[in-house]
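Notes follow once the structure below has been shown.
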């Protein structure tokens, strides 16, 4: 008999309720042992709380009626019939919904608001700060209040409810409800999984699996226009950035190939698939890449903070060379240093292009330990044996210390 008090079981059910269809490999990113995660997910399948479909990387789970009852029994005001109706919409089209669900689950694990009750409905308003000095940036970040559903003894949990869409994630299914004109139907051609608004960025979010995806320009332009109409008041200056998820590193390598090698990628099934192949600049700029792995959650959490990239560059350069600067590149001891720990593929492409032109120029690359193999492979491919590259790895606990001991106290 499944214990509904199991943290693993309830976490799985809650993620499925708010995200829709979630893959097996994404559940492996939860902060539990692989064995225990397997055991409790199997129990959920065996007792009819969730369904399993697909094989390999396509294996995924969805919520069933018994799972809905378990959630509603513990928190009836949070897990309502309206949420479950939305859940049914999120799980239509199995292949596409799995990609959207994995992205939403990653957002939830990283601390962004995903559940509809934890964020404003769209269209949403953010008060315009008089300036972007520290105090007002702090208020943009601290845009939440504690939320409790009534005084039901069976549900005394206190949730955090965001008052503005900042640090909220909206699935494309929710966004498409805002369509008003016949022209809006063209966003059906958009490959976007959703939208993420942070204090510093308005991201269009995509899942590229393990290839450089193909997109139709018209659909993506209409999706961008829909985002603009769904938000009023303060909107971050950086509105063209995109966030791309992938299963591991193959998708990122393919995107860089498009930019650096002018490779023509042909679909093995159909050579006439319409649209452009995603590169590092042709859909958005900059392009940040998030592989589906546990370490990536630290990078995703970092994006919640105002001026997150400047903060990262400052602490990384101080850690490396005690240099006080906020740019992603600086000279040090006769070498040009590039901080690429943010996995900005647009900048990484610039670095690799420079190596191709001047392979002997001394370069130092700062990255996180889990990124090193990927970066090394790129250097070998594009810099060749002549590349004069030195790697500096930020220490294993750098991100944890950076976020918990510096950014959280600083921004409150």
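The values are calculated or read from the model by the stated rules, or taken from the named source; none is laboratory data. Source: prediction; values computed, not measured. Glycine gets a Cβ as well: all are built from the backbone with ideal geometry, and neighbour counts include every protein chain shown.
Just the residues that are in a loop (DSSP other than H, G, I, E, B) and touching a strand residue (DSSP E or B) at 6+ places or on another chain (Cβ under 7 Å), please, taken from the range 373-412. Working first, answer last.
At the first step, the residues of the range 373-412 found to be in a loop (DSSP other than H, G, I, E, B) are 383-388, 394-397, 412.
The answer is 383, 388, 394.
Only one of (1) at pLDDT 95 or above; (2) under 21 Å from residue 291 (Cα atoms); (3) under 23 Å from the mean Cα position of the chain (by Cα) fails for residue 365. Which number is that?
(3)
So which residues in the range 216-227 are free of Cβ contacts under 8 Å to residues at least 40 places away in the same chain and buried (at least 16 other Cβ atoms within 10 Å of the Cβ), if there are any at all?
Initial filter on the range 216-227 (free of Cβ contacts under 8 Å to residues at least 40 places away in the same chain): 218-219, 221-222, 224-225.
Of everything in the range 216-227, those that are free of Cβ contacts under 8 Å to residues at least 40 places away in the same chain and buried (at least 16 other Cβ atoms within 10 Å of the Cβ) turn out to be 219, 222, 224.
In the range 324-337, what residues are under 24 Å from residue 242 (Cβ atoms) and either in the same structural domain as residue 242 (by TED's automatic domain parsing) or crowded, with 21+ Cβ neighbours inside 10 Å (or both)? If you could, list the steps in order and put the result at the bottom.
Within the range 324-337, the subset under 24 Å from residue 242 (Cβ atoms) is 326-329.
Matches in the range 324-337: 328 only.
Residues that are within 16 Å of residue 99 (Cβ to Cβ), outside the structural domain of residue 356 (by TED's automatic domain parsing) and not in a loop (DSSP other than H, G, I, E, B): does the range 227-243 have at least one? Let's see the steps before the verdict.
Just the residues of the range 227-243 that are within 16 Å of residue 99 (Cβ to Cβ), to begin with: 242-243.
Still in the running and outside the structural domain of residue 356 (by TED's automatic domain parsing): 242-243.
Checking the rest, the ones that are also not in a loop (DSSP other than H, G, I, E, B) come to 242-243.
Among the residues of the range 227-243, at least one is within 16 Å of residue 99 (Cβ to Cβ), outside the structural domain of residue 356 (by TED's automatic domain parsing) and not in a loop (DSSP other than H, G, I, E, B), which makes the answer yes.
Give the residue that is nearest to residue 280 (Cα to Cα), with candidates limited to residues of the range 182-215 that are over 20 Å from the mean Cα position of the chain (by Cα) and buried (at least 17 other Cβ atoms within 10 Å of the Cβ). It would help to see each step written out before you state the result.
Filtering the range 182-215 down to residues over 20 Å from the mean Cα position of the chain (by Cα) leaves 182-189.
Those left that are additionally buried (at least 17 other Cβ atoms within 10 Å of the Cβ): 186-187.
Working: 186: 24, 187: 22 Å.
Per the stated criteria, the residue is 187.
If you take the residues in the range 53-85 that are surrounded by fewer than 19 Cβ atoms within 10 Å (Cβ to Cβ) and in contact with a strand residue (DSSP E or B) (Cβ under 9 Å, 6 or more places away or on another chain), which one is modelled with the lowest pLDDT?
57
Please work out which residue is surrounded by the most Cβ atoms within 10 Å (Cβ to Cβ), limiting yourself to the range 88-97 and to residues that are more than 27 Å from residue 298 (Cα to Cα) and in contact with a strand residue (DSSP E or B) (Cβ under 8 Å, 6 or more places away or on another chain).
The residue in question is 91.
Surrounded by fewer than 19 Cβ atoms within 10 Å (Cβ to Cβ) and either touching a strand residue (DSSP E or B) at 6+ places or on another chain (Cβ under 6 Å) or not assigned by TED's automatic domain parsing to the domain that holds residue 362 (or both): is that true of residue 321 in this structure? Spell out the reasoning first.
Working: surrounded by fewer than 19 Cβ atoms within 10 Å (Cβ to Cβ): yes; either touching a strand residue (DSSP E or B) at 6+ places or on another chain (Cβ under 6 Å) or not assigned by TED's automatic domain parsing to the domain that holds residue 362 (or both): yes.
Taking the combined requirement at face value, the residue satisfies it.
Does any residue of the range 98-119 turn out to be over 24 Å from residue 300 (Cα atoms) and either modelled with pLDDT under 95 or in contact with a strand residue (DSSP E or B) (Cβ under 6 Å, 6 or more places away or on another chain) (or both)? Reasoning before the result, please.
Going residue by residue through the range 98-119, those that are over 24 Å from residue 300 (Cα atoms) are none.
No, there is no match, as no residue in the range 98-119 is over 24 Å from residue 300 (Cα atoms) and either modelled with pLDDT under 95 or in contact with a strand residue (DSSP E or B) (Cβ under 6 Å, 6 or more places away or on another chain) (or both).
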